Amino acid sequence: MAERRKLKLTEDLIREALKVEFESIEIPPADRIWRRIESQLAKPGTSGRERTFFWSRAAAVAAVCLVVVAIGGLGIWWIMQPGMSVADSVVPAESEESVGIMEASDEDWQSFEAPENEIADDSTAVSPFGEPDPDPPFWPPELKPGLVLQEAIILTTAGEPYYKGAIYCRGDICLIWARSEEAGELIDRFIDHLGGHIVFPPCEREKANGMVQFTIDGRPALAWQEDGFNQVLVGISGSPSLEELIEIKEKEAR
Amino acid sequence: MNEEGKTLEQDTLRALVNRNDSEAQRTLFEAYYRRTYAAVYNILRRREAAEDITQDAFIRAFRNLDHLQDGAKFGAWLVVIASNLARNYLKREKRIYLTDDLPSSQGNPDGSDTEEEAIRSLETERVREAIRALPPEQYQVIVLQYYYDLKMEEIAAMLKIRPGTVKSKLFRARRRLADLLELDEEAVCLTDEGGDREQWPKEES
């Protein structure tokens, strides 16, 4: 039955799935868990950063200790046998390593904020759509009356071509004007990559009059090629109209 | 999150901050246990470990309440703590145990679903399974964005990463969901309405 209709991954569907996921679960908060929390909280002077105690892990460590002691005992017994010298015996490396797991390692524990390995916080990243461009090309200070240059950015995502762009705003209406840095990229590929940089996949593409009109997150966007270089105007907040984008393109982006 | 939920959080959090109120803590525990446990379980797939981690997340949250700036974000903050603990646990364990799915109520038990509702329910279940299969870091941002309705900047602040990184994680998560659901590119276009979209044109030759 469901196969007859093609599935669309809509935001509503994701929300609905998560709502079902989190709100239909039939695991009631158990009293015993609350009592454990309460007793932990009642302990004075404990910091919030001690490790969780796992009974299963403790049992595993105890089992390893037993094995190590047994192997060690066997080794000593072997050495003590007539005709054997200490030089003849080798303590298995595995035993030493196994003993090592008894020691709690600080590296195991990370703070509850779990900072990402690959990223450091960067307060200079003003726009969620890209990084500030330290060496921007010329961008007109104003595209239309009131539509003023806010900042020059680099739209970048790891492993994909990057584009230089500028954010223009008039009140709550903001748009990005971006250009490819290298000639020859297919315009559809350019639009795909742009969608990657701006998070939302480009939709509703329509080619007309040497331009590709499409939407990103429901907002209008316009891409075209000039001398082999791709350019795009895309609304990122408020409601710039497609007509306004075409007007800007005709006037400014020559 | 509904308004009632927000009021509960703010009132209860105020009580907690003003005095070490065990009753208020218990109210929050009961209100947030299920969804926090569900988030942790989805990362670990181990019931016992999920229980331990969820318990630990509550302890850390209650002990660090003064770090929470907006009481209305308690649920999201708690799920970040819990999912980070779960991710750290996975890194330490470096293995995943598969267990049975958690018991949950699905569909309409009296069988009164219309055909449309039944189709929607099946679609929801497919998306739910795909979300469960996301890598933990992608699962985390999807939950914060779509369940807790946090803005990109808020997610970035909670996870202590840059907004651009949140953006790329979200994008990859959506792409991964589309892959898991075996959707074509056109079906990945996200809209609030989910209306019909035209096919993407083929690449220019």
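With a Förster radius of 41 Å applied to the beta-carbon distance between B:LYS151 and A:ASP227, the computed FRET efficiency rounds to 0.60. Simple spin-label estimate for A:LYS43 and A:VAL148 gives 5.8 nm between the two label positions (7 Å along the Cα-to-Cβ direction from each Cα). Inter-chain Cβ neighbour count for B:46-52, averaged per residue, equals 3 (cutoff 10 Å, partner chain atoms only). With the simple model of a label 7 Å out from the Cα in the direction of the Cβ, A:GLU243 to B:GLU48 spans 6.8 nm. Fully extending the segment from A:GLU206 to A:GLU182, taken as 0.36 nm per residue of separation minus the present Cα-Cα distance, adds 6.3 nm.
With Cα atoms as the point set, the radius of gyration and Dmax of region A:152-254 evaluate to 12.3, 36 Å. Taking a ≥ b ≥ c as the square roots of the eigenvalues of the alpha carbon gyration tensor, region B:130-190 is prolate, as a/c is not under 1.5 and a/b beats b/c. Note on A:ALA70 and A:GLU250: the model spin-label points, each 7 Å out from Cα along the C-beta direction, lie 8.6 nm apart.
Please give the FRET efficiency for B:LYS91 paired with A:ARG189, using the beta carbon to beta carbon distance and R0 = 45 Å, rounded to the nearest 0.05. Calculated value: 0.80.
Read the figures in this text as sums done on the coordinates, not as results from a lab. Since the model is a prediction, treat every value here as computed from it, not as a measurement. FYI the Cβ positions are ideal-geometry reconstructions off the backbone, even for glycines, and counts take in every protein chain you see.
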